[in-house]
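One structure is given here, and the rest of the page talks about it.
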Amino acid sequence: MELIKQGHEVTVITTDPQFKNDTAPKNLREIDVHDISYMVMKDFTLTVTGSDDDLTNQIIAVTKDIQQYLDASQNGVIYFSFGTNVLPSSLSQEKIKIFENVFSQLPYNVIWKWDSDEKSVKSKNIKKYKWLPQSDLLRHPNVKLFITQGGLQSTDESITAGVPLIGIPMLGDQWYNAEKYVHHKIGIKLSLEKLTENQLKNAIIEIIEDKSYRENIIRLRSLMQDQPQAPLNRAVWWIEYVLRHGGAKHLRSPAANMSWIEYYELELVFILLSSILIFIGLITFLIKFSISCASKYVKEKLS
């Protein structure tokens with residue numbers, strides 16, 4: 001709103017538009033992120049036949065169902081998601097059985113992000129969904145634990161929500177992130193290849209019953225968020241700074257304005273090629289000179 005008050009043209013992508021029915025200021029354009037995400041989420045949500053409105057209504061229904069499930073979970077909820085890059089249905093049946101068996105033994109309800117339409121489970125305390133509003137879900141007070149693959153965004157959202165983690169890394173930086181869970185004592189790292197029912201169950205019980213994990217992640221959140229300026233104010237200041245200084249070209253990396261000669265280091269290439277040619281020429285001269293001297297020497301001997 002600070003930018004709007006100061007007369008800047010502003011476009012905002014938001015989950016919660018503040019102005020309805022064309023009541024927004026003339027210099028503000030609000031884009032509801034749901035109008036975008038509903039289209040993007042078609043491949044991740046339940047199979048829907050009909051119009052886009054049908055899809056929107058079903059996602060709203062799913063969100064309400066999640067809210068009711070969370071509110072009704074008196075013993076708490078475990079949230080289990082391997083993100084978008086890892087398909088849980090592609091895991092071996094042995095690993096899937098480990099998770100199902102352990103979850104069924106616990107007094108907690110479980111929300112499991114699943115990727116296929118086949119979501120049947122034997123245990124009543126497990127519910128599977130194709131799409132979940134993860135950031136909002138983690139903020140619910142009944143969520144006790146987040147079992148994750150250790151992605152950076154999932155880690156950030158869990159820290160922001162103050163929910164301890166169990167990391168089961170599979171790709172890229174996930175091993176490093178899961179190791180940091182252990183380092184900061186905000187979670188436990190497990191290996192999918194060596195995972196057993198006892199390991200998983202003991203890790204879940206330890207995280208939930210040992211309050212230090214939640215206290216540590218709340219303390220880490222406090223450290224990360226304790227800054228001299230609120231993120232919104234900082235963003236507004238930098239936007240105006242760039243506008244005041246004509247795009248702030250002085251802050252751009254010098255590499256952004258490199259010529260193709262500098263980019264491809266042609267000067268260095270020329271020096272290297274020249275050095276190689278000089279070296280070859282010198283060697284050729286020495287070889288010819290040596291042959292010439294040897295020929296003269298042989299002729300002198302024969303004469």
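Observations on the model:
- Only one of (1) 32.4; (2) 30.6; (3) 17.2 was calculated from the structure for mean projected area of the Cα convex hull in nm², and its label is (2).
- Taking the helices alone, the chain has a mean residue ellipticity at 222 nm of -16000 deg cm²/dmol, built from -39,500 (n - 2.57) per DSSP H run of at least 4 residues and averaged over all its residues.
- Amide H within-cut-off set for Lys189, under 5 Å, with H built and near neighbours excluded: Gly167
- In this rough spin-label picture, where each label sits 7 Å from Cα along the Cβ direction, the Thr284-Gln68 distance is 8.7 nm.
- Calculated from backbone phi, Karplus (6.51, -1.76, 1.60) coupling profile of the stretch 138-153 in Hz, x at Gly/Pro: 5, 7, 5, x, 7, 7, 9, 7, 10, 9, 9, 7, x, x, 5, 5
- Highest mean first, the peptides 145-158, 207-220 sorted by other C-beta atoms within 10 Å per residue fall in the order 145-158, 207-220.
- Nearest 10 degrees, 0 to 90: helix 266-302 Cα axis against the chain principal axis: 30
- The order of the peptides 188-199, 165-176, 249-260 by mean Cβ neighbours within 10 Å, most packed first, is 165-176, 188-199, 249-260.
- Karplus (6.51, -1.76, 1.60) ³J(HN,Hα), θ = phi - 60°, over the stretch 165-174, in Hz, Gly and Pro reported as x: 10, 10, x, 10, x, 9, 9, x, 7, 5
- Separation between Cα centres of the stretch 177-193 and the stretch 94-140, rounded to whole Å: 21
- Reach of Lys296 by Cα under 28 Å, taken over lysines that are not fewer than 8 positions away in the same chain: Lys288
- Burial order of peptide ranges 263-270, 77-84, 180-187 (average beta-carbon count within 10 Å, highest first): 77-84, 180-187, 263-270
- Cα-projected label distance for Thr11 with Asn75, points at 7 Å along beta-carbon direction, nm: 5.0
- Among Ser191, His250, Ile78 the positive-end extreme of the charge dipole of the chain (Cβ point charges): Ser191
- Cross-link table Lys26/Lys113; Lys95/Lys185; Lys124/Lys185; Lys128/Lys189; Lys97/Lys185; Lys180/Lys249, entries beyond 30 Å C-alpha to C-alpha: Lys26/Lys113; Lys124/Lys185; Lys180/Lys249
Read-outs throughout are calculated quantities, based only on the coordinates presented, and are distinct from any laboratory measurement. Since the structure is predicted, the reported quantities are computational estimates derived from the model, not experimental observations. All Cβ positions, glycine included, derive from the backbone under ideal geometry; neighbour counts span all protein chains shown.
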